[in-house]
Structures are given as structure tokens and as C-alpha cells.
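The values are calculated or read from the model by the stated rules, or taken from the named source; none is laboratory data. Note that the coordinates shown come from a computational prediction; the quantities given were computed from them, not determined experimentally. Cβ placement follows ideal geometry from the backbone for every residue including glycine, while neighbour counts extend to all protein chains displayed. The protein model used for the area step is the full one, side chains on, heavy atoms only, and it has no ligands, DNA or RNA in it. Shrake-Rupley method; radii C 1.70, N 1.55, O 1.52, S 1.80 Å.
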Amino acid sequence: MLAQLARYDARLQQLAQKDRGRQLSARTGVDFSSNDYLGLASCPRLAVAATSALERGVPLGAGGSRLLRGNHEEHEALETEAAAFFGSERALYFGNGYAANLAVLSTLPLRGDLVLHDALIHASAHAGIKAGRAEAVAIRHNDVEACEEAIRHWRQNGGLGTPWIAVESLYSMDGDRAPLQDLMAVADRHDGFLFVDEAHASGVWGPDGRGVAADLEGQENVLVLHTCGKALGVSGAFVTGSAVLLDYLVNHAKPFIYSTAPSPLQAASLREVLRILCDEPERRRRLHHLVHLADRLSTDLLGTSSGSQIQPVVVGSNGRAIRLADRLRQDGFDVRAIRPPTVPTGTARLRISITCNVEEEDVRSLFDHLAVALMEISS
């Protein structure tokens, strides 16, 4: 036992020597690190909705999996409303985005199929692909031609199954978008499926915040994941798509079958979130205004900008990223350093997240302090 603990400790020390150790840290300073893009996590309307749900008897806990007694009328009402909101035939509510990605990619692509995934897709997608039985190929980031060529090569070498293309609509560490229309055309040409993770786009982009893939929803070969713990301010995730695909998940996806159902109180709160997205477009307008400001400031300082609420500052060195983040936190800004394996080796960065929890002056001040920190912390 002691020898095993020593092995763990040695590995932790190795991470620390590479400036890759992780620690939990408290919330301090102005929020430039959360994914609460619309500021809904502490929205008074949600507090009222949750209180009202409790008063009418909605329980906090589900008490079991959805296939046992854990299925609550709030789950079903939420799924019906989410399907209508996102324009899909059905929606299925999971406890979190990781479980949803794991469920979809370990269950739906079958043995003999091919999963083509963007090289920068989320770790939860990698976990799902690894747990599945389909062949998998990583595709250069946002390279549509490489995706098409990989399918052709697979077919020429005897591939007879169905190709699946798995991407994020808005990438969580770079803030750039996938060429969804072009990827959809590839999927259509090869009788394949397109699976889009909208984690960082849901609520922020598209009509009423329905996401970057809003105009693709409802097609029978499109499956979409909408995370509820980021811009939607609560927790969980929707998978939207055809009834056949979602029924198959209910019957075969282990992360769904063997997990306690999400809190019915969360489901009731999310029903209110969907109404807020329609009722309060000013939240998105305000966020987009702050994003445009951050884009201008980032371009002036760094020569690049993402065009989204995620503004990466790539510095390369793990140690420099940590020191820059520490300096900014000392200056009153909550900015976090992102290092491998979350991002590729040599691309450690600051991930600046723009949310409705800040003001224009906060954004300007952050970039002023960042300019000084970059000059003073050069390595």
C-alpha cells in the first residue's frame, strides 16, 4: 500500500516539475474564467423558478436512474420543451456534458463504423470514442478536405459501415468555429452522421441562442449536444436528434442507463432558462458587445482575436502561463492558465472568458494589465 502511494506521489512530483500540476483554487477577482457567459447562474428569475418548484413539491433528488423510479415529470416536460426550442424531434437530458459525450460516442457508432473526430475535440469525446467499438481517425483541426479524404481512404480499404463526423461548433480553448455546413455536406455525400458538441455555443450564438448548428437541427443524420452548465447557467446536457437515435441511447447507453437521474429541481430550473433565452435577448446583445470590445483589444495587443467569448492568449511555456495567470489574479482578475494535456504541448495559454458578469471597464482594464504582464514576464 505504501509503495503504491509513493508511486502516485512520484508522478505528482513529475507533473509539478513540468509545471503541469493542478490544484483547486477559490474564486477571487473579476470573473474572466467561468463559462457563465450570460450571467444566468445567479439570475433572480432562476432563483424564483427553483423556489416555486420546491413549493409545488418538485424534489431535489431523483431517487434512482431514469429507467427506474428516477424519471420525473419535470425531466419529460424539459425534454419536450428543449426539443421544440432547438428544433429537433427529440431531446434527452443527461447529468452532464461529459456523460452525454461518453454515451453518444461509445454507443451509436457501431462496430464496422468510422468515427472521424477533430483533433481538438473535448476529452469527453475522446473517452467516448475509446470506449466504443468503431474505428477512429483524428482529423486536422477544421480540415474538411482531410475529413473527406479519410472517408474515401476508408472506403477504398474495405470500410462498409457508416462514417460519423464528431466536432465542436465552438472550440473551448481556441474560441474558433467549425465549418459545419461543409462538414454536413461531407456527411451527406457519404451517407454519414454529423455529431456537433455545442457546449460553448448553446445560449450564446444562433437565433434565440439555439447554437451555431441551429439550421442543421432536425435533420435525421444530425445529432447535437447542448451543455446546460455553461451559458444556460444550471447543470446537465441535452442530446437532441431523431427519436430512433435517442431511443437507442435509452436502451443501450450505459452512462444513461446506470446513472442516477439529474435533479428534477435542475430540470425545472432549465425550463425557466429556455424561457429566459427567448424573453431576454438583451443578455446576448450585451455579451456580443463585450466580445466585440475584447476582439478589438486582443487584436491591438496580440494581433489576433477569436471572434467569440473565448479569447486565448497562447504563450507556449507552461511556466510562463502560470506566472501570467498568477500576476493577473494578484491584479484582481480571475484568469486561469491552461496547459497540456488540455491543449497540445507547446501551446500553454491564458483562456480569457468574456461573460455578462463583467463591465466594459473590466475588459479594458484586464487587457491593460495583460499588456504590462506580457512585457514583464517574458519567459
Query raised in the report: Given N residues in segment 179-238, what is Rg(Cα) / (2.2 N^0.38 Å)?
Result: 1.15
Query raised in the report: Using the heavy atoms of the protein chains alone and a 1.4 angstrom probe, what is the accessible area of the chain per residue in square angstrom?
Result: 46 Å²
Report task. Subtract the Cα-Cα distance of Ser379 and Thr345 from 0.36 nm times their separation in residues, and report this length gain in nm to one decimal. Result -> 10.6 nm
Query raised in the report: Under a straight-distance cross-link criterion of Cα-Cα below 24 Å, which lysines are reachable from Lys254, leaving out those fewer than 8 residues away in the same chain?
Result: Lys130
Query raised in the report: Relative to the Cα centre, what is the charge dipole magnitude of segment 243-311, using +1 at the beta carbon of each Lys and Arg, -1 at the beta carbon of each Asp and Glu, and rounding to the nearest 20 debye?
Result: 40 debye
Requested in this report: May I ask you to derive the relative contact order of segment 191-332, considering only C-alpha pairs under 8 Å and at least 6 residues apart, and to give it as an integer percent?
Outcome: 15 percent
Report task. Note down the relative contact order for the chain as a percent, whole number, built from C-alpha pairs under 8 angstrom at least six residues apart. Result -> 24 percent
Report task. Please report, as a whole percent, how much of the solvent-accessible surface of the chain comes from carbon and sulfur atoms (probe radius 1.4 Å). Result -> 51 percent
Query raised in the report: Over the Cα atoms of the chain, Rg to Rh with Kirkwood Rh, two decimal places?
Result: 0.98
Query raised in the report: Under a point-charge model restricted to the Cβ atoms of Lys and Arg (+1) and Asp and Glu (-1), what is the dipole moment magnitude of the chain relative to its Cα centre, in debye to the nearest 20?
Result: 1400 debye
Requested in this report: Answer with one residue from Gln17, Asn35, Ala6: the one whose Cα lies farthest towards the positive end of the charge dipole of segment 1-45, charges on Cβ with Lys, Arg +1 and Asp, Glu -1.
Outcome: Ala6
Query raised in the report: Amide H of Val30: which non-local residues (sequence gap of 5 or more, or other chain) have their own amide H closer than 5 Å, using H built in the peptide plane?
Result: Phe333, Asp334
Report summary line: Inter-part gap, Cα centre of segment 351-379 to Cα centre of segment 138-216, in whole angstrom, is 32 Å
**Report entry** Residue-averaged 222 nm ellipticity for the chain, from DSSP H runs of 4+ at -39500 (n - 2.57), nearest 500
**Finding:** -14000 deg cm²/dmol
Report summary line: Distance in Å, no decimals, from the C-alpha centre of segment 325-346 to the one of segment 1-39 is 12 Å
Report task. Could you point to the residue in Gly332, Ser235, Leu46 farthest towards the positive end of the chain's charge dipole, with +1 and -1 charges on the Cβ of Lys/Arg and Asp/Glu respectively? Result -> Gly332
Requested in this report: For segment 258-264, take each phi angle, set θ = phi - 60°, evaluate the Karplus expression 6.51 cos²θ - 1.76 cosθ + 1.60, and give the result in whole Hz per residue in order, putting x for glycine and proline.
Outcome: 9, 10, 4, 4, x, 4, x
Report task. Pop a pseudo-label 7 angstrom from the Cα along the beta-carbon direction at both Arg56 and Gln23 and give the gap in nm to one decimal. Result -> 4.7 nm
Query raised in the report: Taking K and R as +1 and D and E as -1, what net charge do the other residues with C-beta under 13 Å from the C-beta of Leu270 add up to?
Result: -1
Report task. Could you point to the residue in Trp154, Ser124, Thr107 farthest towards the positive end of segment 103-156's charge dipole, with +1 and -1 charges on the Cβ of Lys/Arg and Asp/Glu respectively? Result -> Thr107
Report task. Using amide H atoms built 1.01 Å from N in the peptide plane, name the residues 5+ places from Glu135, or on other chains, whose amide H lies under 5 Å from its own. Result -> Gly112, Asp113, Val115
